Amino acid sequence: MIATIINALAVVFGSLLGLLLGGKISDKYRTIVFDGAGITTVIIGVSMALASQRIIYLALALIIGGLIGSVIDIDGAILRFGAFLESVTLKKKKNAAADSSPSAMETGESVRVPGDHRSGWDFGHGFLNASVLFCVGAMALLGSFKAGTDGDYTLILTKSILDGFMAILMTAAMGPGVAFSALPIFIYQGLLTLAAQWVKPMVSPLMLSELTGAGGAMVLMIGLNLLSVKSIKTANFLPALVLIVFLALLDPALLALAKNWGF
């Protein structure tokens, strides 16, 4: 658990630095920060996705998992939780001040378009994107196992450094919601570390590669969102991580079945 606590604190400290930088960055330069964070995230996602050894499993998991997540509306639920965290931790500006100020139409200022993350800080999407990015990688999974079974914190500490620097970029672009991704990091990696003795024997190299591939696909979605290439509800694809585990477990039977059918 020590390594997981360090990882969560690294994200918090990185986010604090990002807030200091982001508050001094104009909208013009914030777009550049978005581009840098987006390209970096795309590179991470592609490198992870290429780890997949069963592309058909990846396709099935993403499509079916995405449909399940859309029906459940996981993305919306996480955004609502992010809005709740924002409401209980950040002070709201008084409506009177907003009512007394000239409207954007009167002043000629640009109007923020809903869903356009580049136009300003976005607490909910910052929390969502950072939570997915920091939790779906192989380093989180394997590092937690090593910490729980062998007392080896190397992977988690290395991940902490990477997460901290990424938190600076993402917070400068998307705001304080990124800092609160430390909460799912602490819960997710903490539970994996505690359960490592029972879970690790079930994780095969194939399962790890497929989890990394599916996680990489979702990290790639985050990168595309940051670059405003396409708006993808990334969290709706989280069920794909569960489906890919079942497909990896069934791999011997599926290969035998395919061989019998002449594939």
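Here are some notes:
- A single member of L60, L67 is assigned to a helix (DSSP H, G or I) and under 15 Å from T234 (Cβ atoms), and it is L67.
- Those residues of segment 31-90 which are within 15 Å of the chain's Cα centre (by Cα) and among the hydroxyl-bearing types (S, T, Y), in sequence order: T40, T41
Let's see how each residue does on (1) in contact with a helix residue (DSSP H, G or I) (Cβ under 7 Å, 6 or more places away or on another chain); (2) free of Cβ contacts under 8 Å to residues at least 12 places away in the same chain; (3) closer than 27 Å to G36 by Cα; (4) not acidic (D, E):
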| site | (1), (2), (3), (4) |
| --- | --- |
| I185 | yes, no, yes, yes |
| Y188 | yes, no, no, yes |
| L191 | no, yes, no, yes |
| L206 | yes, no, no, yes |
| T212 | yes, no, yes, yes |
| L243 | yes, no, no, yes |
| P252 | no, yes, no, yes |
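- Residue in segment 9-32 that is farthest from M170 (Cα to Cα), counting only those that are hydrophobic (A, V, I, L, M, F, W, C) and in contact with an Asp or Glu (Cβ under 9 Å, 6 or more places away or on another chain): A10
- Filter result for I56 (exposed (fewer than 13 other Cβ atoms within 10 Å of the Cβ), aliphatic (A, V, I, L, M) and more than 21 Å from G124 (Cβ to Cβ)): yes
- Within segment 204-239, tally of residues that are farther than 23 Å from D163 by Cα and in a helix (DSSP H, G or I): 4
- Of the residues making up segment 1-39, those that are modelled with pLDDT of 85 or more and among the β-branched types (V, I, T) are I2, T4, I5, I6, V11, V12, I39.
- Some residue of segment 11-29 being surrounded by fewer than 19 Cβ atoms within 10 Å (Cβ to Cβ), of a type in the set (K, R) and assigned to a helix (DSSP H, G or I): yes
- Any hit, segment 104-116, residues being at pLDDT 85 or above, surrounded by fewer than 18 Cβ atoms within 10 Å (Cβ to Cβ) and polar (S, T, N, Q): no
- Being under 24 Å from F237 (Cβ atoms), of a type in the set (F, W, Y) and buried (at least 22 other Cβ atoms within 10 Å of the Cβ) is a description that does not apply to F186.
- Screening I6, I39 for residues that are surrounded by fewer than 16 Cβ atoms within 10 Å (Cβ to Cβ), in contact (Cβ under 8 Å) with a residue 24 or more places away in the chain and out of contact with any strand residue (DSSP E or B) (no Cβ under 7 Å at 6 or more places or on another chain) leaves exactly one candidate, I39.
- Residue check, L90 over 10 Å from A240 (Cα atoms) and either surrounded by 12 or more Cβ atoms within 10 Å (Cβ to Cβ) or modelled with pLDDT under 90 (or both): yes
- The selection criterion, being of a type in the set (S, T, N, Q), at pLDDT below 85 and touching a Gly at 6+ places or on another chain (Cβ under 8 Å), holds for Q197.
The values are calculated or read from the model by the stated rules, or taken from the named source; none is laboratory data. From a predicted model like this one, the values you see are computed outputs, not experimental measurements. Virtual Cβ from ideal backbone geometry, glycine too; neighbours counted across all protein chains shown.
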